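What follows draws every value from the coordinates through simple rules; no lab data is involved. Just so we're clear, the structure is a prediction, and the values are computed from it rather than from any experiment. Here the Cβ positions follow ideal geometry from the backbone for every residue, glycine too, while neighbour counts run over all protein chains shown.
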Amino acid sequence: MPIAATNLTDRVLATIDAAAAEIVAFTSELIRIPTINPPGERYPECAEAIGRRLKACGFDVAYHPAEGRPEHTASHPRVNVVGVRRGRSDRPLVHLNGHFDVVPAGEGWTIDPFAGIVKDGRIYGRGACDMKAGLACAVYAAEAIRRAGIELNGSIEVSGTVDEESGGFAGVAWLAERGHINASRTDFVIIPEPLYVDRICIGHRGVYWFEVTTRGRIAHGSMPFHGVNAVEHMAILIDRMRRDLAPALARRTTAMPVVPAGARHATLNINGIAGGQPVGGIQTPCVADVCRAVFDRRFLLEEEFDAARAEIVQLLDRLAASERDFRYELKDLMVVHPVRTPLDSPLIAVLDRSLKKVLGRSGGLVASPGTYDHKHVTRIGGVTHCVAYGPGVLDLAHQPDEWCAVDDVINATKVIALALLELAGAST
Ligand SMILES: [Zn+2]
């Protein structure tokens, strides 16, 4: 006998409230496995913790070590986990994906970053917000539907993947390359990254990482005029980037709703620099003959990658023309093109409706200042209906004393569960 949709909704929401302590405990359990990346620690253990939970929630579970990837080594194996729970049919298939790697804890913590402490309505720890809470939401959104006794028409998949923080090549990219996340079988993908509990994230800016090497000429440090100092040439380049390029980038604005608003402009960051003798080593008086720096240029959907790169080349060529003995090499390290969910995607409409039911409001659409696994889902897997939606405040990601509000975790679980009901189709 069919039951009214509101009835299904109420049952699922009540089930999630009843499971709140379990959802929080599972988040803490994941935080206590320090899956620090780099270098990629304790991945198999975390994949198994997620796999065990998925199995207990009625999923068929498979582990996918990233065979063939150079970063998949004996000391740091890259193991992904995928659980599938079939409904009455295979389609529509809704895939929930979360990465379980976390960035290093870094300095400045006032609590143990890997204890999974819960206090004052917050779950604390490295990865609490980015994005072990999101993974717990994914698992329990699916589980709540089962506990409410609802059989879906379509199917649900939940994956826990590695290396998002370092590009996701052994994680979501690897799964997408092998057809596990692919438009031929996957209809919708939701990634519960921490982009505010009332917002739907529709994509991200592009990334261009490049390395510049300046080459000088070694000479005795007491007679620097006999040499060419590569560090000084790098300093000139950085100065030009600050004086000429940065203001031009700041004037470019994307129409995508990137948050925070400061990231609606094109940006450039210096990731690192090394030149001359290793500082801290034994010093000899020499003019630095080589200097290397790595730069992180974030480009907008409205900018073309080729134009963004050409702008860097032009700047370098101008210096080569104006500065005596300025010699450089430019090496592309990584290019990620921007992605955007089609605005008429049913995923957006369904999540928007679910937000209004759960929170009484929807904060609307946002886009991420940084990239996440959306790029692989769409560019490799060909799945266009992909969004990020999950608990947590983006600004807390990668910070000391990272936390996620328990209320956010429960609400995001509810929103995702209601979206699953609609997307996969539910009856009793
Ligand atoms: Zn993340």
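Quick look at the values:
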read-out	value
Antiparallel %, DSSP beta bridges [both residues in the chain], to 5	75 percent
Among Gly280, Gly392, Gly360, residue whose mean-square fluctuation peaks in a GNM of the chain (springs only between Cα atoms under 10 Å)	Gly280
Helix-derived mean residue ellipticity, 222 nm - over the chain, DSSP H n ≥ 4, -39500 (n - 2.57), to 500	-10000 deg cm²/dmol
Net dipole in debye of segment 219-370 [+1 Lys, Arg Cβ; -1 Asp, Glu Cβ; about Cα centre; nearest 20]	780 debye
Loop sites in segment 96-196: GluC sites (Glu not before Pro), DSSP, at most 15 other Cβ within 10 Å	Glu107
Met223, Met256, Met131, Met334 arranged by Cβ crowding within 10 Å, fewest neighbours leading	Met223, Met334, Met256, Met131
Lysine pairs meeting the criterion (Cα under 17 Å, 8 or more apart or interchain), as found in the chain	4
Dipole-positive endmost among Phe114, Pro77, Ile50 within the chain (Cβ charges, Cα centre)	Ile50
Residues Asp306, Asp17, Asp352, Asp198, sorted so that the one with the fewest Cβ neighbours within 10 Å comes first	Asp306, Asp17, Asp352, Asp198
Free-standing Cys residues across the chain, given no other cysteine C-beta under 4.7 angstrom	Cys46, Cys57, Cys137, Cys201, Cys286, Cys291, Cys386
Relative contact order (%) - criterion: Cα under 8 Å, at least six apart; region: segment 97-234	24 percent
Ranked list, fewest to most other Cβ atoms within 10 Å of each Cβ, for Ile410, Ile190, Ile270, Ile282	Ile282, Ile270, Ile410, Ile190
